[in-house]
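Worksheet: one structure, shown below.
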Amino acid sequence: MADLKPVYLICGDDGAKVDSWRSRVRRRAEAELGPGGLETFDARAEGPDAVAAALAVLTFSTGTRYLLADDVSAWKAGELAPLTDALKSMPPDTVLVLIARAKPLKGLVKAVEAAGGELREHPAPKPWELPKWAIVRARECGLRLEPDAAKLLVAIAGPGQQRLAREIEKLAIALHPDVTARAEHVEQFTAGETSPKVYDLADTLVAGDLQATMQLAEELAVRDERPSRFIYPIVGRLREVHRAVELIEAGVGEKELASAMKAPPWRVKKVLALARRADSEAIQRALCRFADLELELRGGGTLDEETAVSLALAGA
């Protein structure tokens, strides 16, 4: 195992990775020293002086000593002096882990680097990166989350990583011993207070009901839903209906649609009802409009998110 640094500063707003760091440190400390092997400090209640004082305490225990201070972003720059002085002469066989759940103080970063420590930054993924993040997180739980399922999970559960992680864990438990999570599983097991409304919005847009579409969009906006959360359910439904129209035009019977679409019968029934009233060319134009919207939201345009999504809904 690689040699440990005397100090680690873990920072960033990727809560899942930061919490994973904390858990690993605790497991290692308890594996080497037994229960209580990790000395912890809540930086919201204990200042840098408390950590510095603990570093100065002589112990008679053998092996590496582990200390962890959580949420050091709560500290003020003027309070750092006792700790920065202590870091200049770190006791041997001691590892201090500092966790900053926001941008760390510059003075703390410099002190850690001067002490031969290491800075680990874990910024939260961008909204469009969350499905890939969810796939990786699911893999860590022994679950294969299909790409469409990952997008749907983010659409239903929202952008909060802790919430996404909990929903992934729930999926893994619900599907055991199966290790593959598909979109229908996410729709069935993932909790989301606003998901029915979001799918109602998708269905009204596919049906070509502009008034109902904009009304539902406004209702969701009032509930503080991020407009970008509408996109995946809408695009998913557009693709399903377009696929159903293609199969119907190719002569595939209703009984064979579920197998051809690789979807459960109850879902095919809803899609089929929309497909019977759908215009294939209009659906293709709508899909192109939402592809343009994705580029807009990723920084390729000049409009704010709410305006861009509203224009896309109206245009589609």
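The values are calculated or read from the model by the stated rules, or taken from the named source; none is laboratory data. Quick caveat, the model's predicted, so the values are computed rather than measured. Cβ coordinates were reconstructed from backbone atoms using ideal geometry, including for glycine residues, and neighbour counts include every protein chain displayed.
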So Leu152 fits all but one of (1) within 20 Å of Ile173 (Cα to Cα); (2) not assigned by TED's automatic domain parsing to the domain that holds Gln188; what number is the exception? (2)
Segments classed as helices (runs of 4 or more DSSP H), wholly inside segment 153-235, with at least 1 members that are at pLDDT 75 or above and within 30 Å of Arg276 (Cα to Cα): 183-189, 195-206, 210-222
Given the conditions (1) over 30 Å from Lys88 (Cα atoms); (2) surrounded by fewer than 16 Cβ atoms within 10 Å (Cβ to Cβ), and given that Pro131 satisfies all but one, which numbered condition is not satisfied? (2)
If you check Ser259 against the conditions, is it surrounded by fewer than 13 Cβ atoms within 10 Å (Cβ to Cβ) and either modelled with pLDDT under 80 or aliphatic (A, V, I, L, M) (or both)? yes
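With the structure loaded, tell me whether Lys110 is closer than 29 Å to Gln161 by Cα, assigned by TED's automatic domain parsing to the domain that holds Ser20 and basic (Lys, Arg) or whether it fails that test.
Numbers: closer than 29 Å to Gln161 by Cα: no; assigned by TED's automatic domain parsing to the domain that holds Ser20: yes; basic (Lys, Arg): yes.
No.
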Looking at (1) under 18 Å from Gly12 (Cα atoms); (2) part of a helix (DSSP H, G or I); (3) not aliphatic (A, V, I, L, M), which is the one condition that is false for Pro123? (2)
Quick check on my filter: what residues within segment 95-120 are in contact (Cβ under 8 Å) with a residue 40 or more places away in the chain, surrounded by fewer than 21 Cβ atoms within 10 Å (Cβ to Cβ) and either on the phi > 0 side of the Ramachandran plot or in a helix (DSSP H, G or I) (or both)? Val109, Gly116
Having 1 or more residues that are without any contact (Cβ under 8 Å) to a residue 60 or more places away in the chain is the bar; report the strands (runs of 3 or more DSSP E) wholly within segment 3-86 that clear it. 38-42, 65-70
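Conditions (1) within 27 Å of Ala134 (Cβ to Cβ); (2) surrounded by 15 or more Cβ atoms within 10 Å (Cβ to Cβ); (3) at pLDDT below 90, marked per residue:
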position	(1), (2), (3)
Ala2	no, no, yes
Ile10	yes, yes, no
Gly15	yes, yes, yes
Trp21	yes, yes, yes
Val25	yes, yes, no
Ala31	no, no, no
Pro35	no, no, yes
Glu39	no, yes, no
Pro48	no, yes, no
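Would you say Glu32 is acidic (Asp, Glu), within 24 Å of Lys103 (Cα to Cα) and more than 29 Å from the chain's Cα centre (by Cα)? Walk me through it before giving the result.
Working: acidic (Asp, Glu): yes; within 24 Å of Lys103 (Cα to Cα): no; more than 29 Å from the chain's Cα centre (by Cα): yes.
When the stated conditions are applied, Glu32 does not pass them.
Given the residues Thr190, Thr204, which is the only one that is over 25 Å from Ala286 (Cα atoms) and in contact with a helix residue (DSSP H, G or I) (Cβ under 7 Å, 6 or more places away or on another chain)? Can you show your working first?
Values: Thr204 fails: over 25 Å from Ala286 (Cα atoms).
It is Thr190.
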Scanning for something free of Cβ contacts under 8 Å to residues at least 24 places away in the same chain and under 22 Å from Met261 (Cα atoms), does segment 154-175 turn up at least one residue? no
